[in-house]
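Since every read-out is calculated from the coordinates, none of them should be taken as a lab result. This is a predicted model, so every value here is computed, not measured. Using ideal geometry, Cβ is built from the backbone for each residue, glycine included, and neighbour counts are taken over all protein chains shown.
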C-alpha cells in the first residue's frame, strides 16, 4: 500500500512516491489531477531527473490542438509551450490527456527505487499529465506531428515507471510503441481469458490502422483470437493494413472493413457483415462518439475495451443500458505489469506492425 | 444482432427497435446520443406508450440542477420543464445523465415484444436520456427531491426494458431500487467471480450510505464477500448505515469509515486502516473527482467498478497509469440480465437496506 507523507517544502525532506510534494495547486490531489506542478530541477531523494529529447503527444491531444489552430504548426507549437509553462506538465486542458517522453537520465536521487543509471536512454511510461516538465526549446519541432523533438527536463517519482530503451530498435520507434503499450497488454489478457473457455473469440478492433489498434490486433492474434476484424475509416488505411498483414505469417485482420465509427448503425452493420458481432471489441480511435457503435458491434455477454482517451463514460454506461446490452465494459488502463516488453515483442515479431509504425513516423502522421 | 432499418417518416411504416425513427437531431445517432427526440404520442407498431406518474432523476443530475439554482426548487422545476420541452426527453445536458420513470401502460403497439398489457404499472429500466417524454404537469413537485411526481407520457421502444412493478412493495420504493439495479447486479457478478478462486474478497463501497451503495454492499454480502468496508462522508450517514446493518443477520459493512472520497490520500489511508486495500472497490458517489481515491484504495490485481455518472474516463485511465496500478476498471453498465429481480430481492431480504431507502424517501433526500 502507498505511504502517505505530509506535504513537504524542500528536497531536504522525504518526498512522496506519488509526487504529492510537487503539486502546487489544488491542494491534496495527485499530480495527474493537479492544475499545476512544481517542475524545478532540484531532486527529492527518491526522484530522477531526465534530460528530455522527445515528447510523443497523445493522439487525441495532438488532434485537438491541431484542429483548434486549423493545422497551423506555429500556433500549435506556441500553445504547447504555453501549456507546459503554465502547468509545469504537458497536460492538454481540453482532452485531459498528455502523452509520453524519451530522454537521458541526468541525475538519480539516492533513494530512487527505479534502478536507473545516469546516461541511460529511457522512456517514461507514466502519462505526461502527471510528469513535471520544463521545456527549454521547441525550435526543432514544426508543430505538425505528435512526435515533438525538444530540449528540457522532466522528473520521475518513486512510483513512476520508466523503461530503458532497447538497443535493437530506433528510439522514435520504441517511443511510439511504448506510448500505447497498455492496449496490447489488456487486449491479450482479455483474449486469453476468453480463449481459456475453449472458444477462440471473434475480436474487432476499431481504429485498427493506428498505433494502438495495430498492436491490439497483433496481441489478439498472439493470444489465440479467432476471427479478427479491423475497422478503419479510409480506403488508404484499409489498403495499408491489408498490405502490412501480408508481411506476417498470418494476417493481422481476417477482414478489414471501412466504416465511420461514429455512425453506430453503419458500424454494427459493417462488423456483422464481416463475421461479427464481436466477442471482444477494442476501441482505439481518437475521435469522440464511438461508444454506441462499439456496443452495437459486440455480442451479448461480450467485452468492450475502451482505449480512446476521447471516450465518454456516460455515453458508454447509458448507451449499453439503453439498448439492453449485457456487456463488460473496460476502461483501458495505461498500465499492466510487463506491458512495455510485451508491446516491443509484438512489434519485433510482426514485420507488418513495424511497417505501419515506420510509415506513420516517416509521414509524421499522428 | 440488431435490425438496421432506414429512417422512416410515419408510424404506418415499421419502427426501429432501437428507436432510431424518433431521433430528430442529429441524424444517424441512437436516441441516447440525440439532442432531440420526437416524443409524439402516436405509436409505431412495436412501441408502448406509458402514462407517466413519477420520474426519478439521476442523483448526479439532480445535484447539478439543485446546485446550479442554489437549491431554489421553483427554478429547478422550471429547468426540468424546459429541458424536456427542448429535447423531448429528460437528459441533463451538463451531466449527460437522466434517471427513470414509473407509470401505467396506456397503449401497446401490435408488434411490441415487451409483453406488457394496458393498465399495468411499470418502471422503465432504460435511462430517461433515451426515452421520449412529454410532461403535461409538474405542479405536484416542489423541485427539492429527485423523485418527481408528474403527469405526461413516455414511449418505450421494441428493445427498451420495462419491469412490471411488484405487488409487495410501494411503487416509489420499487422505483428507487430499480433506478440503481445495475449496481448490485455487477457487484454480485464481480464478487462471485473472485470468490470462485477460493478467497473471499475484501470489498470497499464508496458512497455506501446511498441507494446504489447500500444495495451494492448487500449484493457483495450475498455473493460471498469477505471483509466489507463502507465509506461515507458524514457522521450522520455513518450512524445510519451502522444502525441499518444491525437490522440484518449480518452487518452490511464490517467497518464504516468517514472520508472525503475526493481526497485520494485520505481515502486510501482510511480504507487501509479499516482492513483494506480492497480487492474490489465500488464507486457509488455522485460527485466528481473520486477516481484516484478509488484506485489508491484498491490492491494491485484488484477491480474498481465505477457506478457514478460523475466518473471521468480520462481521470480513471490516466490515474491508474500514473501510479502504476495494475487494476481492472469497469464502466458500470446500467443493464445486466435479471438485474431488476435481483435488486428487488436484495431489498426484500435486507430490512437494513429497506430502512435506508425508506428514510431517504421520507426525507426527500436524493
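Here are the numbers:
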read-out: Shape of the range A:164-246, Cα gyration tensor, a/c cut at 1.5; value: oblate
read-out: Longest to shortest principal axis, alpha-carbon extents of the range A:56-132, angstrom; value: 45, 21, 20
read-out: Helix-derived mean residue ellipticity, 222 nm - over chain B, DSSP H n ≥ 4, -39500 (n - 2.57), to 500; value: -10000 deg cm²/dmol
read-out: Tilt relative to chain B, helix B:73-87 - C-alpha long axis, 0 to 90 degrees, to 10; value: 60
read-out: GNM top mover of A:310, A:250, A:208 - chain A, alpha-carbon springs below 10 Å; value: A:250
read-out: Label spacing, shortest first and in nm, from residue B:288 to its equivalents in the remaining copies (7 angstrom along Cα→Cβ); value: 1.3
read-out: Rounded, prolate or oblate (a/c below 1.5 giving rounded, otherwise prolate when a/b exceeds b/c) for the range A:14-94 by Cα gyration tensor; value: prolate
read-out: Convex hull volume per residue in cubic angstrom - Cα atoms of the protein assembly as shown; value: 150
read-out: Cα long-axis angle, helix B:182-195 against chain B (0 to 90 degrees, to the nearest 10); value: 40
read-out: Inter-copy spacing of residue B:69 label points, which lie 7 Å from Cα along Cα→Cβ, given in nm from shortest upward; value: 4.3
read-out: Relative exposure of A:258, A:327, B:296, B:138, judged by other C-beta atoms within 10 Å (fewest first); value: A:258, B:138, A:327, B:296
read-out: Exposure proxy order (Cβ contacts within 10 Å, fewest to most) of A:116, B:215, A:252, A:347; value: A:116, A:347, A:252, B:215
read-out: Among B:149, B:288, B:110: highest mean-square fluctuation, GNM of chain B, C-alpha pairs under 10 Å; value: B:110
read-out: Axis-nearest residue of B (beta carbon) for the B-onto-A rotation, whole Å; value: B:313, 2
read-out: Relative contact order for the range A:111-248, counting Cα pairs under 8 Å that sit 6 or more residues apart, in percent; value: 19
read-out: Test item: A:29-35 mean partner chain Cβ contacts at 10 Å; value: 6
read-out: Three-way shape label, the range A:166-313, alpha-carbon gyration tensor, a/c 1.5; value: rounded
read-out: Nearest-first distances (nm) between copies at residue B:358, label 7 Å from Cα via Cβ; value: 7.3
read-out: Taking the C-alpha atoms of chain B, convex hull volume expressed per residue in Å³; value: 137
read-out: Normalised contact order of chain A, rounded percent, pairs of Cα under 8 Å and 6 or more residues apart; value: 15
read-out: Antiparallel bridge percentage (DSSP; both residues within chain B; nearest 5); value: 60
read-out: Sorted by Cβ density within 10 Å, fewest first, the residues A:69, B:91; value: A:69, B:91
read-out: Acute angle (nearest 10 degrees) that the helix A:339-349 long axis makes with the longest principal axis of chain A, alpha-carbon atoms; value: 50
